[in-house]
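I have placed the structure first, in the form of structure tokens, so that the comments after it can refer back to it.
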Amino acid sequence: MTSRPGNSCLRHGALLGAPCLILLFGTFLFAAPAAPEDPYALLAQGTRLIEDGRLDEALERFQKVSPPEAGEDAGVFVRARMEAAKILFSRQDYETSAKMCTDILSLLPDNLEAKNMLTRIQAAQTPEWLKFLKDMQTYLPTLLKATGMTLLLVLITMLVSPLLGLLIALGRISRINMIASFFWGYIWLFRGTPLLLQLFFIYYGLPPLGITLKPFTAAVIGLGLNYSAYLAEIMRGAIESIDKGQMESAKAIGMTYWQAMRRIIIPQTYKRLVPPVGNEFIALIKDTALVSTIAMVELMRAADQIFNATFNIFILVQAAIIYLILTSIFTLSFKRLEDRLGVYENR
Amino acid sequence: MIELKSVVKRFGDLTAVDHVSLSIKKGEKIVIIGPSGSGKSTLLRMINFLEKMDAGQILLEGKPVGYRTDKQGRPQLDKPAVICKLRSEIGMVFQHFHLFPHMTVLANVMEGPLTVKKLGREASRTIALDQLGKVGLLDKQDAYPAFLSGGQKQRVAIARALAMQPMIMLFDEPTSALDPELVGEVLNTIHALAEEGMTMLIVTHQMGFARELADRVIFMDNGRFIFEGHPADLFSPDMEHPRIKAFLAKIL
């Protein structure tokens, strides 16, 4: 025998091996896996693959876990689908990720994790500007409530400061030197220092002296004192701009100084007062923002708080729009008031 | 009725009224003429205490104007209420009308009776309408002064002063600010008032008017009266005073 037994053996092996390989491939390609793979094993493999950073393979394993048969425990399936959803979400495949979540929910409709995931997917799918709009809608009631506080401060100051201002203006033009000097000093003090400083002093500086004020009270006092000083100067200017002959002719029919002031001089200042006082009140709307520094929540403070929580710049835009609406309403009203007060003028 | 005793008014170095004495009887019409700055208006304004005098005394029906005598016999400034009462009895009409622009014509005339005399709205209204009727402006009662002509404004101002039923009327150049064609209507109004017997003291540059109306004419220059007498004498060709001759030559 010349051939070596080893060769013959190899040849036979090859002959035998080919059908075996075909058989093996055939099984893989054409026959469904007879028994589903063990879900526990798949979940365990997937988890380990995540640890190794092999996310594709992990995803494959997780997705292989099949829904539980009736009576079987759903826990493994839910875990696997959830893990798959997370991987898909991080790859921004929102559609498939959502599909994973709905798989879970069709089995366990109350699953909180899946629901939260769906919300996150929805949020991720909405464009940025839409998100901003949604924020604006969400926080609008908060801003409007704060606008109410701003308006309240403005209206109270609008009520208090003209009355106080008139008193100061009349004191300022008094012929009694003591009175005139006192009110000159008042105006000097309140016009010459920042409103912010005055608010700080009233809110933080008075308690050591035994006067503790609520933020709202401190804000009203601060704004009222400050604005009355400005209005006093405007009113003084208006009173002094009325023709001297008016006071003389009022006196000539026997009026006292105060009767002449009340009936003749001051009523003639109204129309002249409207434009500059309107300006002051518009400045006031914006100056109320300063009271946010003494723990008052008004429009500016509320907008600032929401902005810091959301970093949504459109909240500030929204606040700006509210301020603009307020100032526009004021501007228009003062224009109409001016026209109405001017009826006695021949133009 | 009115007695001025050596009245003096100074503005700094300038003596606007220099020791002037004058006596006005009830129903008398006195016209003061003279160049600008001669102290005519100041004199008028001192009578209702719109200007304080520096020396002398003014008596209205025997009572001193603006001052009372204290226990030591020194003059003291009167209380505002007394001064206001005095002014309410003296009517004054200004060169520039000084109507209250924010009130209608009717409200302007009502203002005195309403606020000063406190007669109530209805009574004040009746008085005001009566006076507006006299100056012929009933149809303008609801207009604002800005919509009136100068002559109409001055007539309203006259009605406003008359509504207080004053015992004397002071006119401070009532026609100087008017367009020439509007002077007549105001002078007619004053004439009508004179015919009713109103005591009047008028500062004017209307010479013809002075001649017709005045019981007495005063020529004032540099704070003094340099002529006081019948208008016929002032305007007579025999007038010799050089200041008066020069002034009249310019004006007539």
Whichever residue in segment B:115-140 is in a loop (DSSP other than H, G, I, E, B) and within 14 Å of chain A (Cβ to nearest Cβ) and, among such residues, is farthest from residue A:254 (Cα to Cα): B:119
Flag for residue A:222 being surrounded by 13 or more Cβ atoms within 10 Å (Cβ to Cβ) and within 15 Å of residue A:290 (Cα to Cα): yes
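This table checks each residue for (1) within 13 Å of chain B (Cβ to nearest Cβ); (2) of a type in the set (A, V, I, L, M, F, W, C); (3) touching an Asp or Glu at 6+ places or on another chain (Cβ under 6 Å); (4) within 30 Å of residue B:105 (Cβ to Cβ).
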{"site": "A:266", "(1), (2), (3), (4)": "yes, yes, no, yes"}
{"site": "A:283", "(1), (2), (3), (4)": "no, yes, no, no"}
{"site": "A:297", "(1), (2), (3), (4)": "no, yes, no, no"}
{"site": "A:311", "(1), (2), (3), (4)": "no, yes, no, no"}
{"site": "A:320", "(1), (2), (3), (4)": "no, yes, no, no"}
{"site": "A:327", "(1), (2), (3), (4)": "no, no, no, no"}
Criterion violated by residue A:258 - all others in (1) surrounded by fewer than 14 Cβ atoms within 10 Å (Cβ to Cβ); (2) away from every other protein chain (no Cβ under 14 Å); (3) within 29 Å of residue A:156 (Cβ to Cβ) satisfied: (2)
Segment A:37-62: number of residues that are touching a residue at least 24 places away in the same chain (Cβ under 8 Å) and in a helix (DSSP H, G or I): 11
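Residue-by-condition table, conditions (1) touching a residue at least 40 places away in the same chain (Cβ under 8 Å); (2) exposed (fewer than 14 other Cβ atoms within 10 Å of the Cβ); (3) closer than 30 Å to residue A:285 by Cβ:
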residue: A:109; (1), (2), (3): no, yes, no
residue: A:121; (1), (2), (3): no, no, no
residue: A:141; (1), (2), (3): no, yes, yes
residue: A:151; (1), (2), (3): yes, no, yes
residue: A:155; (1), (2), (3): no, yes, yes
residue: A:176; (1), (2), (3): no, yes, no
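Per-residue answers, yes or no, for (1) in contact with a Phe, Trp or Tyr (Cβ under 6 Å, 6 or more places away or on another chain); (2) of a type in the set (Ser, Thr, Tyr); (3) at the interface with chain A (Cβ under 10 Å from one of its Cβ atoms):
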{"residue": "B:45", "(1), (2), (3)": "no, no, yes"}
{"residue": "B:59", "(1), (2), (3)": "no, no, no"}
{"residue": "B:69", "(1), (2), (3)": "no, yes, no"}
{"residue": "B:73", "(1), (2), (3)": "no, no, no"}
{"residue": "B:79", "(1), (2), (3)": "no, no, no"}
{"residue": "B:83", "(1), (2), (3)": "yes, no, yes"}
{"residue": "B:88", "(1), (2), (3)": "no, yes, yes"}
{"residue": "B:92", "(1), (2), (3)": "no, no, yes"}
{"residue": "B:96", "(1), (2), (3)": "no, no, yes"}
Any hit, segment B:106-113, residues being in contact (Cβ under 8 Å) with a residue 60 or more places away in the chain and more than 9 Å from every other protein chain (Cβ to nearest Cβ): no
Subset tally (residues that are over 17 Å from residue B:212 (Cβ atoms) and out of contact with any strand residue (DSSP E or B) (no Cβ under 6 Å at 6 or more places or on another chain)) for segment B:165-202: 9
Residues that are surrounded by 13 or more Cβ atoms within 10 Å (Cβ to Cβ) and either farther than 30 Å from residue B:144 by Cβ or touching a helix residue (DSSP H, G or I) at 6+ places or on another chain (Cβ under 7 Å) (or both), drawn from segment A:322-341: A:322, A:323, A:326, A:327, A:330, A:331, A:334, A:337, A:338, A:341
Hits in segment B:154-208 (condition: within 14 Å of chain A (Cβ to nearest Cβ), aliphatic (A, V, I, L, M) and buried (at least 18 other Cβ atoms within 10 Å of the Cβ)): B:156, B:157, B:158, B:159, B:161, B:162, B:163, B:164, B:168, B:169, B:170, B:201
Hey, residue A:271 within 13 Å of chain B (Cβ to nearest Cβ), surrounded by fewer than 21 Cβ atoms within 10 Å (Cβ to Cβ) and charged (D, E, K, R) or not: yes
Evaluation of residue B:219 against (1) farther than 26 Å from residue B:9 by Cβ; (2) surrounded by 18 or more Cβ atoms within 10 Å (Cβ to Cβ); (3) under 18 Å from the mean Cα position of the chain (by Cα) (one fails), failing number: (1)
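The rows are residues; the columns are (1) within 14 Å of chain B (Cβ to nearest Cβ); (2) modelled with pLDDT under 95; (3) touching a Ser or Thr at 6+ places or on another chain (Cβ under 9 Å).
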| position | (1), (2), (3) |
| --- | --- |
| A:185 | no, no, no |
| A:193 | no, no, no |
| A:210 | no, yes, no |
| A:215 | no, yes, no |
| A:223 | no, no, yes |
| A:230 | no, no, yes |
| A:238 | yes, no, yes |
| A:247 | yes, no, no |
Top-ranked residue in segment A:199-218 [being within 29 Å of the chain's Cα centre (by Cα) and in a loop (DSSP other than H, G, I, E, B); ranked as nearest to residue A:173 (Cα to Cα)]: A:213
Hits in segment A:295-317 - residues which are surrounded by fewer than 20 Cβ atoms within 10 Å (Cβ to Cβ) and in contact with a Leu (Cβ under 9 Å, 6 or more places away or on another chain): A:304, A:307, A:314
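The values are calculated or read from the model by the stated rules, or taken from the named source; none is laboratory data. Just so it is clear, the model here is predicted, and its values are computed rather than measured. Virtual Cβ from ideal backbone geometry, glycine too; neighbours counted across all protein chains shown.
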